[in-house]
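The values are calculated or read from the model by the stated rules, or taken from the named source; none is laboratory data. Source: prediction; values computed, not measured. Counting neighbours? That spans all protein chains shown, and the Cβs are built from the backbone with ideal geometry, glycine included. The area values use the complete protein model at the heavy-atom level, side chains included, leaving out ligands, DNA and RNA. Shrake-Rupley method; radii C 1.70, N 1.55, O 1.52, S 1.80 Å.
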Amino acid sequence: MTDMSVAYPERLTVDQLQIAPSRRHREAIIRYTLLVTALVSVLVSALIVWILLREAWTFITEVVWADTWGQQGWFPRRGLYDIPTIIVPSLIVTGIAMVVAGPLGLGAAVYLSEYANRRVRSWLKPALEILAGIPSVVLGFFALTWIAPNLVGPIGRNTFGVIGAVILLGYAAVSAGIAKAKIKQYREGVADPSARVGAVASLAMLVAVFAVAGAWILGVWLDFAPNNAGSLAAAGIGVGILTIPLVASISEDAMAAVPDSLREASAGLGARKMATATTVVLPAAISGIVAAFIVAISRAIGETMVVFMAGGAADAARFTDSPFEGGLTMTAAIASLASGTDSVVGEGLTFQSLYFVGLLLFLFTLTLNIIAARFVSKVREAY
Amino acid sequence: MISRLSDEKSRAAIAASIERRRVDARGLLFRTVLQACLLLTLALLAVLLITVAFDSTDQLGARFWDFLGGTLRSQSGDEQLGVHQAIYGSMWIAIIVALLAFPIGIGAAVYLEEYAPRNRFTSFIEVNIRNLAGVPSIVYGLLGLALLLNGQIFGLDRLTGGRSTLSGGITLAILVLPIVVITSGEAFRAVPTALREGAYGVGATKWEMIRTQVLPYAAPGILTGTLLSMARAIGEAAPLILVGAVTGRLGDNPGLFDLGALDERFTALPIVITSWTQQSGRDAGFATAAAAAIVVLLVFVLMMNSAAIGLRNRFEKKRG
């Protein structure tokens with residue numbers, strides 16, 4: 001008979017399989033500490049919403065609503081809170097910013113994603129990232145000291161001259177198209193010999209029109225006295241430059257997510273690069289591009305310093321709907337009311353008006369960001 | 001169709017159109033327009049940097065050390081005009097941001113990526129953080145104003161001393177917190193599963209696995225994110241205006257390591273730039289002072305940004 005206890009080892013207990021209690025304890029402590037750090041952001045959100053709602057509620061319930069619409073302007077220290085006075089400039093600045101950032105950002109993104117080779121990309125992307133990292137106060141300074149006198153000044157002073165120049169340039173573009181068609185006909189030998197004359201004539205006209213348009217623009221640019229006055233247009237261009245990298249990077253990510261098989265299929269069907277880019281890649285990436293624009297709009301509405309420095313208005317403003325005048329956006333209204341004096345003083349609700357505007361701003365940007373997130377998740381689903 | 005193809009003339013035309021090299025004029029134009037977009041953007045960046053550099057020479061070229069050592073003044077011609085207080089203010093704000101936002105943000109990212117169960121509450125936290133990242137900076141200023149200056153909820157104004165460096169630093173720490181969480185989270189997601197499984201396989205607990213495998217592997221990514229958010233915090237001005245950064249004259253002139261001064265009034269580089277730019281209408285000399293302060297700020301910000309970009313590119317290349 002053999003000894004059974006040797007063949008059958010001692011039974012393992014749960015305790016033996018578990019790690020030491022001290023280690024287990026430490027794990028639990030670490031886990032809950034990390035949970036607390038994750039909850040900090042929830043606390044921050046709750047505080048933001050609570051504080052905005054609390055102060056804004058006082059404003060909403062106590063303000064004379066007749067003073068918030070159709071007044072001469074935003075004069076919080078005198079109890080005049082004309083809401084259109086700060087909403088309309090916000091829209092103007094955002095609109096101008098998107099006119100600048102939309103085409104430039106999207107164009108840069110298409111070039112980087114579809115055309116640039118690796119070596120060019122390795123140069124251009126860091127350059128765009130440098131632009132993305134430039135603080136908004138720097139753009140504010142640039143908008144006031146360079147954009148306002150050099151770009152906005154001439155346009156604002158010579159609105160008609162600029163319109164004339166734009167019409168001339170449009171005409172030049174049309175005649176360029178005609179000239180191109182004539183040359184094509186001539187090259188292909190479709191038309192009779194007179195096409196050659198037509199081509200030369202339209203080319204000459206093109207050169208002439210471009211020359212006149214150029215001279216006109218130059219004239220407009222020379223015919224101004226530089227001034228340092230800020231305006232909504234100057235601020236808008238500044239905000240636009242600030243948002244170019246945002247539009248470019250989000251749209252480029254969206255285009256990079258389009259599988260190469262689509263591009264190859266398009267090329268296989270005989271499409272040129274431009275046709276592939278415009279009819280295959282852009283439509284496939286459209287959700288991401290829309291998201292890029294929405295995020296940029298949200299960023300432009302929330303941008304404070306550029307407008308505060310280059311928007312051309314102090315802590316109060318009359319109603320304006322002209323981009324060439326000074327004005328207060330929602331953000332600049334908050335900033336300018338809080339700076340200057342040591343504390344926010346004035347008529348009873350001045351302090352609360354800050355939070356009311358802040359709440360409006362918060363709701364605007366939150367809505368836009370949620371919509372943008374929807375679009376981004378669409379891109380993720382598709383590919 | 002067949003009859004047409006057999007037609008001698010069509011055949012020649014087809015052969016000609018296949019063989020002929022035609023210039024794709026539209027494609028070329030399209031490409032040129034795209035290039036122009038990029039070049040115009042870079043040109044604007046170049047003009048910005050050159051303008052600022054030229055404007056700044058009046059101060060930085062003529063009186064470099066005086067400018068760095070000077071203080072806030074009401075006249076631009078003042079011999080003692082400079083950014084010394086602003087540099088100290090910005091440095092302390094950076095330190096406070098690093099001490100508050102980095103541990104909390106990285107901790108939150110570890111929890112969300114490694115511990116959190118996939119349920120509604122977790123996705124609520126994640127959505128919440130993404131939305132926080134999109135809140136305009138001035139709204140954080142409003143939060144700081146109510147919470148740290150007026151002490152409306154927890155009476156925190158007694159701790160921070162109201163309009164102080166501490167208030168500014170805490171406000172900006174809250175501002176960059178979501179950015180730190182998001183960028184660190186991305187770094188954690190890039191860690192290969194095999195590393196985790198290897199650690200578990202040799203008997204590591206979850207935290208031991210994270211400490212010895214996940215954190216070291218994700219460290220460059222985390223560092224990139226923290227550098228970028230630090231640059232953001234240093235350049236941010238709007239929230240500081242609301243928590244009462246000084247734009248006019250700052251009486252006291254504490255040393256860099258004067259901890260007792262943290263609950264006193266402060267100023268920072270972006271605030272000084274704003275204030276001097278706005279005063280340049282009244283006193284043109286302030287424009288060059290603002291440009292000089294911008295150069296000082298850009299040196300800090302661009303150093304951090306390019307370090308972050310370089311770090312990221314290096315590790316992307318290494319890890320394919």
The lone exception for B:S56 - which of (1) open to solvent by 20 Å² or more (accessible area, probe 1.4 Å); (2) polar (S, T, N, Q); (3) closer than 18 Å to B:I273 by Cβ it fails: (1)
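Results for (1) farther than 30 Å from A:A291 by Cβ; (2) within 14 Å of chain B (Cβ to nearest Cβ), shown as yes or no for each residue.
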site: A:W57; (1), (2): yes, yes
site: A:T61; (1), (2): yes, no
site: A:V64; (1), (2): yes, no
site: A:G73; (1), (2): yes, no
site: A:I96; (1), (2): no, no
Filtered residues of the stretch B:281-301 (kept if within 11 Å of another protein chain (Cβ to nearest Cβ) and either free of Cβ contacts under 8 Å to residues at least 12 places away in the same chain or more than 30 Å from B:R73 (Cα to Cα) (or both)): B:G281, B:R282
Unique residue being outside any loop (DSSP other than H, G, I, E, B), touching a helix residue (DSSP H, G or I) at 6+ places or on another chain (Cβ under 6 Å), open to solvent by 80 Å² or more (accessible area, probe 1.4 Å) and modelled with pLDDT under 80 when the list is B:R4, B:R11: B:R4
B:L156 under 28 Å from the mean Cα position of the chain (by Cα) and of a type in the set (A, V, I, L, M): yes
Those residues of the stretch B:203-223 which are among the β-branched types (V, I, T) and at pLDDT 90 or above, in sequence order: B:I210, B:T212, B:V214, B:I222
Looking only at the stretch A:252-279, and only at residues there that are of a type in the set (V, I, T) and surrounded by 19 or more Cβ atoms within 10 Å (Cβ to Cβ), the one that is nearest to B:L29 (Cα to Cα): A:T276
Flag if B:V135 is assigned to a helix (DSSP H, G or I), at pLDDT 90 or above and under 27 Å from the mean Cα position of the chain (by Cα): no
Selection count where residues are surrounded by fewer than 16 Cβ atoms within 10 Å (Cβ to Cβ) and farther than 28 Å from B:S229 by Cβ, scope the stretch B:179-211: 7
Sole residue being open to solvent by 40 Å² or more (accessible area, probe 1.4 Å) and either touching a Phe, Trp or Tyr at 6+ places or on another chain (Cβ under 8 Å) or more than 10 Å from chain A (Cβ to nearest Cβ) (or both), chosen from B:L99, B:L81: B:L99
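The rows are residues; the columns are (1) touching a Lys or Arg at 6+ places or on another chain (Cβ under 8 Å); (2) away from chain B (no Cβ under 11 Å); (3) touching a residue at least 12 places away in the same chain (Cβ under 8 Å); (4) of a type outside the set (K, R).
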residue: A:K273; (1), (2), (3), (4): yes, no, yes, no
residue: A:T276; (1), (2), (3), (4): yes, no, yes, yes
residue: A:P283; (1), (2), (3), (4): no, yes, no, yes
residue: A:S287; (1), (2), (3), (4): yes, yes, yes, yes
residue: A:V290; (1), (2), (3), (4): no, yes, yes, yes
residue: A:A300; (1), (2), (3), (4): no, no, yes, yes
residue: A:E303; (1), (2), (3), (4): no, no, yes, yes
residue: A:A310; (1), (2), (3), (4): no, no, yes, yes
residue: A:A316; (1), (2), (3), (4): yes, yes, yes, yes
Positions within the stretch A:14-45 being part of a helix (DSSP H, G or I), hydrophobic (A, V, I, L, M, F, W, C) and touching a helix residue (DSSP H, G or I) at 6+ places or on another chain (Cβ under 9 Å), in sequence order: A:I30, A:L34, A:L35, A:V36, A:A38, A:L39, A:V40, A:V42, A:V44
Enumeration of residues in the stretch B:160-210 that are free of Cβ contacts under 8 Å to residues at least 12 places away in the same chain and in a helix (DSSP H, G or I): B:T193, B:A194, B:E197, B:Y200, B:G201, B:W207, B:E208
The stretch A:110-128, residues that are under 24 Å from B:L311 (Cβ atoms) and either open to solvent by less than 10 Å² (accessible area, probe 1.4 Å) or facing chain B (nearest Cβ under 9 Å) (or both): A:L112, A:A116, A:S122, A:L124, A:K125, A:P126, A:A127, A:L128
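Taking the condition within 22 Å of the chain's Cα centre (by Cα), among the hydrophobic types (A, V, I, L, M, F, W, C), surrounded by 15 or more Cβ atoms within 10 Å (Cβ to Cβ) and at pLDDT 90 or above, does B:L44 pass?
Criteria met by B:L44.
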Filter result for A:L53 (at pLDDT 90 or above and in the same structural domain as A:G311 (by TED's automatic domain parsing)): no
Residue count for the stretch B:102-140, restricted to those that are charged (D, E, K, R), open to solvent by 30 Å² or more (accessible area, probe 1.4 Å) and within 11 Å of chain A (Cβ to nearest Cβ): 3
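One line per residue, one yes/no per condition, for (1) within 22 Å of B:R130 (Cβ to Cβ); (2) in the same structural domain as A:G140 (by TED's automatic domain parsing); (3) β-branched (V, I, T); (4) assigned to a helix (DSSP H, G or I):
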residue: A:I241; (1), (2), (3), (4): no, yes, yes, yes
residue: A:E252; (1), (2), (3), (4): yes, yes, no, yes
residue: A:E264; (1), (2), (3), (4): no, yes, no, yes
residue: A:G270; (1), (2), (3), (4): no, yes, no, no
residue: A:V280; (1), (2), (3), (4): no, yes, yes, yes
residue: A:P283; (1), (2), (3), (4): no, yes, no, yes
residue: A:V295; (1), (2), (3), (4): yes, yes, yes, yes
residue: A:V307; (1), (2), (3), (4): no, yes, yes, yes
